[in-house]
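The values are calculated or read from the model by the stated rules, or taken from the named source; none is laboratory data. Just so it is clear, the model here is predicted, and its values are computed rather than measured. No Cβ is skipped: glycine too gets one built from the backbone with ideal geometry, and neighbour counts run over all protein chains shown.
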Amino acid sequence: SPTPVNVTVTGAAGQIGYALLFRIASGQLLGPDVPVRLRLLEIPQGVKAAEGTAMELEDCAFPLLAGIDIFDNPTDGFAGTNIGLLVGARPRTKGMERGDLLEANGGIFGPQGAAINAGAADDVRILVVGNPANTNALIAASHAPDVPSDRFTAMTRLDHNRALSQAATKAGVPVSQVRRLTIWGNHSATQYPDLFHAEIDGAPATALTDDSTWLTDDFIPTVATRGAAIIEARGASSAASAANAAVDHVRDWVHGTPKGDWTSAGIVSDGSYGVPEGLVSSFPVVSRDGRWEIVQGLEVGDFSRERIDASVKELVEERDAVRSLGLI
Ligand code: NAI
């Protein structure tokens, strides 16, 4: 039987972890023929709850689950890792300034990047979910000089899926008929969900883009602030939908995106579309042969340019802040 793939999940005892681990173990991440060995990484206070989740994973008797180990330090947590889902992060608490938030997360993602550099498998692929996801990915990558930087990605797939759903509802079609939309920039309220290249049932989505009031006052803010709306309604932040998006991201990365479509992911910029090289920004991407490639040659009009630039400006500010804190 094939060698199990080592999947490390950080923040394993958290709510996204709880929604994610069972899907990985059931085969939805890598497919029905690939056994997985889970490595759960938590802080010491989270270990007991992670042990409880591990007991439940055992009780599912998943045929593909080859083993579960729990760690409270990144060195062991990332030893031999093929796929790392970096979910655990330091949330913003009351009165916390942005600099404090970046610094606290630098203290998590710097050491995790170093542990990945030291001990992960040669084919390691990293998805950062924990916020601020783009800048956390940048910090981790900068501590892993021996790992190609294209192996570090940040999750904007939840934003992408939210945008697909909103666009489908507006157009009155199933989500499967909406293709080629893009999330640009930061996974934050400045993100820009772009419908100008989108297709509905194979035709340009002009019915949506011509409605500039809907676009500006409804679609863009609804997608960009959906996370806050979920918190308001549920009393807790998005968890199942975030886990679902993480599964979508990794599955497409490993197995490829469908022909004729693309998706969105935060990847290290090569300078495309005027996004400064080295920033982790969301782009339209396809996955081929296990690598993300930015979709090239899309026309970017003034409406889009202004919004992409605003989100990229925020990414530059975050990068400059972590640089001045000595975190990268
Ligand atoms: P949660 O608070 O339920 O769980 C976080 C877990 O991470 C806790 O169990 C905590 O003990 C653990 N943790 C903290 N520091 C750690 C470290 N250094 N190493 C290992 N584990 C650590 O949070 P939840 O709801 O699961 O969310 C996790 C993160 O995902 C948050 O930062 C949230 O903002 C982010 N998120 C990102 C989304 C995206 O689209 N990129 C969407 C939704 C959430």
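Of all residues in the stretch 82-132, those satisfying the criterion of being among the charged types (D, E, K, R), more than 13 Å from the ligand (Cβ to nearest atom) and farther than 23 Å from Pro4 by Cβ are Lys94, Glu97, Arg98, Asp100, Glu103.
Being in a loop (DSSP other than H, G, I, E, B), of a type in the set (A, V, I, L, M, F, W, C) and either near the ligand (Cβ under 9 Å from one of its atoms) or within 13 Å of Gly88 (Cβ to Cβ) (or both) is a property that holds for Ala13.
Does Glu51 qualify as being within 21 Å of Pro132 (Cβ to Cβ) and over 22 Å from the mean Cα position of the chain (by Cα)? Judged against the criteria, Glu51 is not a match. For first residues located in the stretch 196-210 and not assigned by TED's automatic domain parsing to the domain that holds Ala167, partners that are of a type outside the set (Lys, Arg) and lie 6+ apart or on another chain with Cβ distances below 8 Å do not occur. Of all residues in the stretch 144-195, exactly one satisfies the criterion of being closer than 30 Å to Pro74 by Cβ and without any contact (Cβ under 8 Å) to a residue 24 or more places away in the chain, namely Pro148. If we keep just the residues of the stretch 219-249 that are free of Cβ contacts under 8 Å to residues at least 40 places away in the same chain and of a type in the set (D, E, K, R), which is nearest to the ligand (Cβ to nearest atom)? It comes out as Arg234. Pairing residues of the stretch 250-271 that are farther than 17 Å from Leu86 by Cα and free of Cβ contacts under 8 Å to residues at least 12 places away in the same chain with residues that are assigned to a loop (DSSP other than H, G, I, E, B) and of a type outside the set (A, V, I, L, M, F, W, C), at Cβ distances under 9 Å and at least 6 apart in sequence or on separate chains, gives Gly271/Glu277; Gly271/Gly278. Pairing residues of the stretch 102-123 that are within 9 Å of Phe78 (Cα to Cα) and basic (Lys, Arg) with residues that are modelled with pLDDT of 95 or more and within 9 Å of the ligand (Cβ to nearest atom), at Cβ distances under 6 Å and at least 6 apart in sequence or on separate chains, gives no pairs at all. Total residues in the stretch 22-47 satisfying the condition of being within 11 Å of the ligand (Cβ to nearest atom) and not in a strand (DSSP E or B): the figure is 6.
The residues listed here are Ser241, Ser237; of these, the one that is part of a helix (DSSP H, G or I) and not hydrophobic (A, V, I, L, M, F, W, C) is Ser241.
With respect to Ser142, determine if the residue is hydroxyl-bearing (Ser, Thr, Tyr) and not assigned by TED's automatic domain parsing to the domain that holds Gly84. Spelling it out, it is not the case that Ser142 is hydroxyl-bearing (Ser, Thr, Tyr) and not assigned by TED's automatic domain parsing to the domain that holds Gly84.
Which ones in the stretch 82-103 are assigned to a loop (DSSP other than H, G, I, E, B) and either among the acidic types (Asp, Glu) or at pLDDT below 95 (or both)? Of everything in the stretch 82-103, those that are assigned to a loop (DSSP other than H, G, I, E, B) and either among the acidic types (Asp, Glu) or at pLDDT below 95 (or both) turn out to be Arg90, Pro91, Arg92, Thr93, Lys94, Gly95, Met96, Glu97.
Only one of the listed residues (Arg157, Arg180) is touching an Asp or Glu at 6+ places or on another chain (Cβ under 9 Å) and away from the ligand (no atom under 11 Å from the Cβ). That residue is Arg180.
Against the condition of a type in the set (A, V, I, L, M, F, W, C), within 11 Å of the ligand (Cβ to nearest atom) and not assigned by TED's automatic domain parsing to the domain that holds Ala246, how does Ala79 come out, does it pass? No. If only residues of the stretch 168-196 that are more than 22 Å from the chain's Cα centre (by Cα) and assigned to a loop (DSSP other than H, G, I, E, B) are counted, the one that is nearest to Ala310 (Cα to Cα) is Phe196. On the basis of being of a type in the set (S, T, N, Q) and either at pLDDT below 95 or in a helix (DSSP H, G or I) (or both), does Ser264 make the cut? In short, no.
Quick one: would you say Ala50 is in contact (Cβ under 8 Å) with a residue 24 or more places away in the chain, in a loop (DSSP other than H, G, I, E, B) and either more than 14 Å from the ligand (Cβ to nearest atom) or closer than 27 Å to Asn117 by Cα (or both)? Judged against the criteria, Ala50 is not a match. Among the residues of the stretch 134-154, are any within 15 Å of the ligand (Cβ to nearest atom), surrounded by fewer than 24 Cβ atoms within 10 Å (Cβ to Cβ) and under 17 Å from the mean Cα position of the chain (by Cα)? No, the stretch 134-154 has no match at all.
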